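J.: The following block contains the structure, expressed as structure tokens.
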Amino acid sequence: MRDQEFLQHVAGRLAGLPGVLAVSLGGSRAQGTHRLDSDWDLAVYYRDTFDPESLRAVGWEGEVSELGGWSPGVFNGGAWLRIDGRNVDVHYRDLGVVEHQIDEAEQGRFQVEPLMFHLAGIPTYLVVAELAVNQVIHGFLPRPAYPPALRRSAPGRWWDSARLTLGYAAANNARRGRHTEVAGALAVAASQAAHAVLAKRGEWVTNEKTLLERAGLRAVDDILGTLDNTSATLEKGLNDATALFERATGH
């Protein structure tokens with residue numbers, strides 16, 4: 001099948017599952033930045049409950065999680081599938097949760113939740129960001145703008161997290177020559193600072209894949225490359241990273 005036929009076929013099957021109210025295309029394919037081998041990211045929107053067994057029953061090859069199988073929070077599960085030779089990720093989205101997070105974002109409120117593969121975790125407004133940037137294939141979904149209150153509150157919160165991450169590494173790891181711990185803290189703080197930069201611009205974030213590039217923080221790679229297990233080098237790396245992040249975030 002050609003790409004458009006494939007998309008309509010898979011999205012149509014998902015839209016026909018019990019309880020599914022809408023299906024959207026996300027990731028690089030929704031934004032036109034995909035490669036030929038890029039995954040297909042699809043979200044199924046339901047209200048209150050969805051039975052993953054109905055997705056398993058379609059018979060596609062792959063792994064289907066239970067609700068809450070990936071995270072107890074907003075990113076509450078999905079599936080990794082192989083369909084017609086293509087990799088397809090399906091994400092579960094509870095409309096009740098999403099609507100609550102829209103209201104929270106409008107008030108400038110959010111939480112940061114852990115999620116596999118994400119250094120800084122994910123902000124709960126990620127599910128709002130998806131509505132803003134994804135393509136609706138079936139059904140109807142809101143298209144929120146970036147809330148002014150969130151643009152005011154989020155940069156400072158993200159920068160405080162980055163600052164505290166760097167400070168802890170300096171006080172507890174750099175002076176003891178703990179190379180791995182300092183490198184890890186720098187990577188986490190870089191992602192946190194990048195979130196601060198993009199929130200200040202009012203730009204939505206749906207994952208960390210291009211976060212550093214978008215925030216102009218790729219130079220942190222050079223800082224990481226200078227690290228060894230001597231306290232002086234580790235402390236200098238933290239200081240250099242702090243200066244880089246402060247310039248980017250305006251702090």
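The values are calculated or read from the model by the stated rules, or taken from the named source; none is laboratory data. Since the model is a prediction, treat every value here as computed from it, not as a measurement. Positions of Cβ are backbone-derived with ideal geometry, glycine not excepted, and every protein chain shown enters the neighbour counts.
Here's the yes/no breakdown for (1) assigned to a loop (DSSP other than H, G, I, E, B); (2) without any contact (Cβ under 8 Å) to a residue 40 or more places away in the chain; (3) under 23 Å from residue 121 (Cα atoms); (4) among the charged types (D, E, K, R):
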{"site": "7", "(1), (2), (3), (4)": "no, no, no, no"}
{"site": "10", "(1), (2), (3), (4)": "no, no, no, no"}
{"site": "18", "(1), (2), (3), (4)": "yes, yes, no, no"}
{"site": "22", "(1), (2), (3), (4)": "no, no, no, no"}
{"site": "30", "(1), (2), (3), (4)": "no, no, yes, no"}
{"site": "36", "(1), (2), (3), (4)": "yes, yes, no, no"}
{"site": "44", "(1), (2), (3), (4)": "no, no, yes, no"}
{"site": "68", "(1), (2), (3), (4)": "yes, yes, yes, no"}
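J.: A further question follows. Do we have any residue at all in the stretch 24-41 that's buried (at least 19 other Cβ atoms within 10 Å of the Cβ), at pLDDT 95 or above, in contact with a Gly (Cβ under 8 Å, 6 or more places away or on another chain) and not charged (D, E, K, R)?
T.: No; the residues of the stretch 24-41 include none that is buried (at least 19 other Cβ atoms within 10 Å of the Cβ), at pLDDT 95 or above, in contact with a Gly (Cβ under 8 Å, 6 or more places away or on another chain) and not charged (D, E, K, R).
J.: Of all residues in the stretch 88-112, which are surrounded by fewer than 17 Cβ atoms within 10 Å (Cβ to Cβ), of a type in the set (Asp, Glu) and either assigned to a strand (DSSP E or B) or touching a helix residue (DSSP H, G or I) at 6+ places or on another chain (Cβ under 6 Å) (or both)?
T.: Scanning the stretch 88-112 gives a single hit, 89.
J.: Is one or more of the residues making up the stretch 108-129 on the phi > 0 side of the Ramachandran plot and within 17 Å of the chain's Cα centre (by Cα)?
T.: Yes, the conditions are met somewhere in the stretch 108-129.
J.: So, one more: Within the stretch 202-250, can you find the residues that are under 23 Å from residue 105 (Cα atoms) and either part of a loop (DSSP other than H, G, I, E, B) or more than 19 Å from the chain's Cα centre (by Cα) (or both)?
T.: 202, 203, 204, 205, 206, 207, 208, 209, 210, 249, 250
J.: When residue 182 is evaluated against the numbered criteria (1) surrounded by fewer than 18 Cβ atoms within 10 Å (Cβ to Cβ); (2) β-branched (Val, Ile, Thr); (3) closer than 19 Å to residue 121 by Cα, which criterion, by number, is the only one it fails?
T.: Every condition holds for residue 182 apart from (1).
J.: From (1) under 29 Å from residue 123 (Cα atoms); (2) surrounded by fewer than 16 Cβ atoms within 10 Å (Cβ to Cβ), pick out the condition that doesn't hold for residue 57.
T.: So residue 57 meets the others, but not (1).
J.: Kindly evaluate residue 137 against the criterion of being touching a residue at least 40 places away in the same chain (Cβ under 8 Å), more than 20 Å from residue 212 (Cβ to Cβ) and assigned to a helix (DSSP H, G or I).
T.: Against the criterion (touching a residue at least 40 places away in the same chain (Cβ under 8 Å), more than 20 Å from residue 212 (Cβ to Cβ) and assigned to a helix (DSSP H, G or I)), residue 137 does not qualify.
J.: Quick check on my filter: what residues within the stretch 149-178 are more than 21 Å from residue 211 (Cβ to Cβ) and touching a residue at least 40 places away in the same chain (Cβ under 8 Å)?
T.: Hits for the stretch 149-178 are 149, 170, 173, 174, 175, 176, 177, 178.
J.: Can you tell me which residue within the stretch 63-87, out of those that are under 23 Å from residue 21 (Cβ atoms) and more than 19 Å from the chain's Cα centre (by Cα), is surrounded by the fewest Cβ atoms within 10 Å (Cβ to Cβ)?
T.: So, considering only residues that are under 23 Å from residue 21 (Cβ atoms) and more than 19 Å from the chain's Cα centre (by Cα), the one surrounded by the fewest Cβ atoms within 10 Å (Cβ to Cβ) is 66.
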